[in-house]
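What follows is a short report on a single structure.
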Amino acid sequence: MTWSDRLTELGIELPAVAAPLAAYVPAVRTGSHVYTSGQLPFVDGALAATGKVGAEVSPEEAKDLARTATLNGLAAVHALVGIDAVVRVVKVVGFVASAEGFTGQPAVINGASELLGEIFGDAGKHARSAVGVAELPISSPVEVELIVEVE
């Protein structure tokens, strides 16, 4: 079974690649790795939510937003090399715009990690960082970067 088949089986459709907000590209390949730029939770070209997690955005909503941002990252990988070229997910870096005192960043970024596990199984197991930050671009609650190994 290919990863494309797995996405179909799960009822997941990769979105269009989100347009960069500044002077960068969505993903770059070097050797056998693809690095994505930080992906925000855009849906149909609009940010799905704004605000800080633990204040305007609940941790549960932020977890869903991390999943959405990860789908955008996979779309960037797919546009560059094709999703079926993925060998494994190497690393996920998740940023969470956190209200003062919010310490649940790992649970929020589980939205990314769990999705990658659903799609890629053992090949989706990855190293990860979940970082709380004061602000993210355009008041996004989350941002996710991926590093994947490809054929």
Tell me which residues, restricted to the range 34-69, are under 23 Å from Gly117 (Cβ atoms) and out of contact with any Pro (no Cβ under 9 Å at 6 or more places or on another chain).
Val34, Tyr35, Ser58, Pro59, Glu60, Lys63
Quick one: would you say Leu146 is within 27 Å of Thr2 (Cβ to Cβ) and touching a helix residue (DSSP H, G or I) at 6+ places or on another chain (Cβ under 8 Å)?
yes
Every pair of residues 6+ apart whose Cβ atoms lie under 8 Å, when the first sits in the range 86-108 and is of a type in the set (D, E, K, R) while the second is surrounded by 24 or more Cβ atoms within 10 Å (Cβ to Cβ)
Arg88/Val148; Lys91/Leu146
Any residue at all in the range 26-42 that's of a type in the set (Lys, Arg), part of a loop (DSSP other than H, G, I, E, B) and over 15 Å from the mean Cα position of the chain (by Cα)?
no
The lone exception for Ala18 - which of (1) closer than 24 Å to Arg88 by Cα; (2) out of contact with any Phe, Trp or Tyr (no Cβ under 6 Å at 6 or more places or on another chain) it fails
(2)
Name the single residue, out of those in the range 1-18 being over 15 Å from the mean Cα position of the chain (by Cα) and farther than 18 Å from Ala85 by Cβ, that is surrounded by the fewest Cβ atoms within 10 Å (Cβ to Cβ).
Gly11
Which residue, of Pro59, Pro41, is modelled with pLDDT of 95 or more, farther than 20 Å from Asp84 by Cβ, surrounded by 11 or more Cβ atoms within 10 Å (Cβ to Cβ) and touching a Gly at 6+ places or on another chain (Cβ under 7 Å)?
Pro59
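The values are calculated or read from the model by the stated rules, or taken from the named source; none is laboratory data. All values derive from a computational prediction rather than experimental measurement. Neighbour counts run over all protein chains shown; Cβ positions are idealised from the backbone, glycine included.
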